[in-house]
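What follows is a short report on a single structure.
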Amino acid sequence: MPEVIPGIDELRARLSRERGNSIGLVPTMGALHRGHAKLLEAARRENDFVVASIFVNPIQFDRSEDLDNYPRTMEDDLRVCGSEGVDLVFAPSTADLYPRELLTFVESPTLAAHLCGAHRPGHFRGVATVVLKLFNIVQPDRAYFGEKDAQQLAIIRRMVLDLNVPLMVVPVATVREEDGLAISSRNKHLTAAQREIAPVLSRALRNALDSIDRGERRAAALWEAALGTFAQYREARLEYFEITDPDTLQPVERVEGPVLVASAMWLGSTRLIDNMRWPR
Ligand code: AMP
């Protein structure tokens with residue numbers, strides 16, 4: 001089992017013994033699954049010392065119901081960390097990370113204007129702020145993020161560039177179930193019937209990439225085709241399906257270079273997101 005440290009001072013004292021060793025950080029909200037394991041594996045491969053953080057960050061939740069229902073599985077998480085060779089788990093409490101009213105935030109208004117950001121006000125400000133805090137606390141050489149959360153990855157990358165944060169952001173490819181569904185802790189909330197429908201999300205994205213491969217360049221045409229795909233399932237409520245520039249996350253009207261195709265949908269009260277890049 002890895003060492004578990006909740007307090008910031010204790011963590012800093014422990015990490016000061018690793019001076020000269022490279023440190024990899026994998027920030028998570030726990031409920032660890034095969035997607036997280038891939039990040040931990042990459043961190044293990046590329047660093048002398050691996051820190052996983054487990055913290056369900058209240059300031060990134062736009063619905064309190066979602067925060068309350070977020071799965072908390074610390075025992076299992078520690079087992080996963082152990083089998084992936086994590087050296088240290090940083091598991092602070094909310095009071096550890098937010099001991100006083102927070103009056104400073106990281107804002108990325110342009111990058112948060114579309115996709116999930118348009119539907120989850122304040123979400124990415126909460127994410128970028130906690131990630132910068134974790135970077136400052138752990139001071140890793142490398143930090144690992146999943147491509148599954150493409151907007152989050154783009155925002156963190158740009159924050160690191162714009163604010164000269166001295167570390168490398170390492171992206172990790174999305175881990176999927178056999179039927180294409182991106183693995184997520186939220187998949188647990190799906191009923192059996194919803195779980196059958198869920199792969200429509202990755203299918204719609206893949207169809208869009210196939211269309212671009214065949215020469216379609218009009219974003220509107222790709223969007224209409226996706227709408228048709230989702231319309232086959234009455235229970236699937238499409239939130240957005242957008243074709244954007246992969247770095248600025250601004251919607252494009254035509255595919256002239258690399259694009260990020262990203263989508264979110266609801267199945268009952270569960271929200272699922274996914275994305276793919278073109279060219280693949
Ligand atoms: P979370 O605990 O949901 O905040 O996720 C922690 C990290 O794991 C984030 O960088 C996610 O992008 C990444 N992640 C979550 N699911 C997957 C997946 N299916 N494949 C790859 N990375 C993932």
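The values are calculated or read from the model by the stated rules, or taken from the named source; none is laboratory data. Quick caveat: nothing in here was measured; it's all calculated off a predicted structure. For neighbour counting, all protein chains shown are included, and Cβ atoms are generated from backbone atoms with ideal geometry for every residue, glycine included. What goes into the accessible areas is simple: the full protein's heavy atoms, side chains included, and nothing from ligands, DNA or RNA. Shrake-Rupley method; radii C 1.70, N 1.55, O 1.52, S 1.80 Å.
Within segment 228-235, does at least one residue satisfy the condition of being modelled with pLDDT of 95 or more and on the phi > 0 side of the Ramachandran plot?
No.
Taking segment 49-69, which residues are over 19 Å from Asn136 (Cα atoms) and either in contact with a strand residue (DSSP E or B) (Cβ under 9 Å, 6 or more places away or on another chain) or surrounded by 16 or more Cβ atoms within 10 Å (Cβ to Cβ) (or both)?
Matches in segment 49-69: Phe61, Asp66.
Of (1) within 16 Å of the ligand (Cβ to nearest atom); (2) open to solvent by less than 40 Å² (accessible area, probe 1.4 Å); (3) of a type outside the set (Lys, Arg), Ala173 satisfies all except one. Which?
(2)
Identify the single condition in (1) within 13 Å of Gln151 (Cβ to Cβ); (2) among the charged types (D, E, K, R); (3) open to solvent by 10 Å² or more (accessible area, probe 1.4 Å) that Arg237 does not satisfy, given that it satisfies every other one.
For Arg237, the exception is condition (1).
Within the bounds of segment 257-268, is there any residue that is within 12 Å of Ala198 (Cβ to Cβ) and outside any strand (DSSP E or B)?
Checked against the condition, which is being within 12 Å of Ala198 (Cβ to Cβ) and outside any strand (DSSP E or B), segment 257-268 yields at least one hit.
Give Leu227, Leu222, Leu238, Leu201 a once-over and let me know the one that is part of a helix (DSSP H, G or I), hydrophobic (A, V, I, L, M, F, W, C) and closer than 28 Å to Glu65 by Cα. Don't jump to the end; show me each part of the working.
Details: Leu227 fails: closer than 28 Å to Glu65 by Cα; Leu222 fails: closer than 28 Å to Glu65 by Cα; Leu238 fails: part of a helix (DSSP H, G or I).
Among Leu227, Leu222, Leu238, Leu201, only Leu201 is part of a helix (DSSP H, G or I), hydrophobic (A, V, I, L, M, F, W, C) and closer than 28 Å to Glu65 by Cα.
Determine, yes or no, whether Pro121 is open to solvent by 20 Å² or more (accessible area, probe 1.4 Å), out of contact with any strand residue (DSSP E or B) (no Cβ under 9 Å at 6 or more places or on another chain) and within 26 Å of Glu10 (Cβ to Cβ).
Details: open to solvent by 20 Å² or more (accessible area, probe 1.4 Å): yes; out of contact with any strand residue (DSSP E or B) (no Cβ under 9 Å at 6 or more places or on another chain): yes; within 26 Å of Glu10 (Cβ to Cβ): no.
Answer is no for this residue.
Among the candidates Arg217, Arg186, which residue alone is open to solvent by 30 Å² or more (accessible area, probe 1.4 Å), among the charged types (D, E, K, R) and more than 13 Å from the ligand (Cβ to nearest atom)?
On the way: Arg186 fails: more than 13 Å from the ligand (Cβ to nearest atom).
Unique residue meeting the criteria: Arg217.
In segment 135-146, how many residues are open to solvent by less than 10 Å² (accessible area, probe 1.4 Å), of a type in the set (A, V, I, L, M) and part of a helix (DSSP H, G or I)? Walk me through it before giving the result.
Pass one, segment 135-146, residues open to solvent by less than 10 Å² (accessible area, probe 1.4 Å): 135, 138, 140, 143-145.
Filter once more, so that each one left must be of a type in the set (A, V, I, L, M): 138, 143.
Right, trim to part of a helix (DSSP H, G or I) and you get 138.
Residues in segment 135-146 being open to solvent by less than 10 Å² (accessible area, probe 1.4 Å), of a type in the set (A, V, I, L, M) and part of a helix (DSSP H, G or I): 1 in total.
Restricting to segment 9-25, name every residue that is of a type outside the set (D, E, K, R) and either within 7 Å of the ligand (Cβ to nearest atom) or open to solvent by 40 Å² or more (accessible area, probe 1.4 Å) (or both). Working first, answer last.
We begin by selecting, within segment 9-25, every residue of a type outside the set (D, E, K, R); these are 11, 13, 15-16, 20-25.
Matches in segment 9-25: Ala13, Ser16, Gly20, Asn21.
Answer yes or no as to whether Asp149 is away from the ligand (no atom under 13 Å from the Cβ), open to solvent by 40 Å² or more (accessible area, probe 1.4 Å) and among the acidic types (Asp, Glu). Break it down into steps so the answer makes sense when it comes.
Numbers: away from the ligand (no atom under 13 Å from the Cβ): no; open to solvent by 40 Å² or more (accessible area, probe 1.4 Å): yes; among the acidic types (Asp, Glu): yes.
No, not satisfied.
Where the second residue is in a helix (DSSP H, G or I) and within 16 Å of the ligand (Cβ to nearest atom) and the first is farther than 19 Å from Val170 by Cβ and lies in segment 10-38, which pairs have Cβ atoms under 6 Å and are six or more apart or on separate chains?
What qualifies is Gly30/Asp77; Ala31/Ser185.
Farther than 18 Å from Ala264 by Cα and aliphatic (A, V, I, L, M): is that true of Val170 in this structure?
Numbers: farther than 18 Å from Ala264 by Cα: yes; aliphatic (A, V, I, L, M): yes.
Yes; evaluated as a whole, the condition is true for this residue.
For segment 231-265, how many residues are over 14 Å from Arg217 (Cβ atoms), aliphatic (A, V, I, L, M) and within 18 Å of the chain's Cα centre (by Cα)?
Summing the residues that are over 14 Å from Arg217 (Cβ atoms), aliphatic (A, V, I, L, M) and within 18 Å of the chain's Cα centre (by Cα) in segment 231-265 gives 5.
For Leu115, which of the numbered conditions (1) closer than 15 Å to Leu272 by Cα; (2) more than 12 Å from the chain's Cα centre (by Cα); (3) open to solvent by 10 Å² or more (accessible area, probe 1.4 Å); (4) within 15 Å of the ligand (Cβ to nearest atom) fails to hold?
(3)
Answer with yes or no whether Phe90 is more than 14 Å from the chain's Cα centre (by Cα) and within 15 Å of the ligand (Cβ to nearest atom).
yes
State all residues of segment 149-198 that are of a type in the set (Ser, Thr, Tyr) and either closer than 30 Å to Gly24 by Cβ or in a helix (DSSP H, G or I) (or both); if no residue qualifies, say none. Please lay out each step first, then the result.
To start, the set of residues in segment 149-198 that are of a type in the set (Ser, Thr, Tyr) comprises 174, 184-185, 191.
Once the filter is applied, which keeps residues that are of a type in the set (Ser, Thr, Tyr) and either closer than 30 Å to Gly24 by Cβ or in a helix (DSSP H, G or I) (or both), segment 149-198 yields Thr174, Ser184, Ser185.
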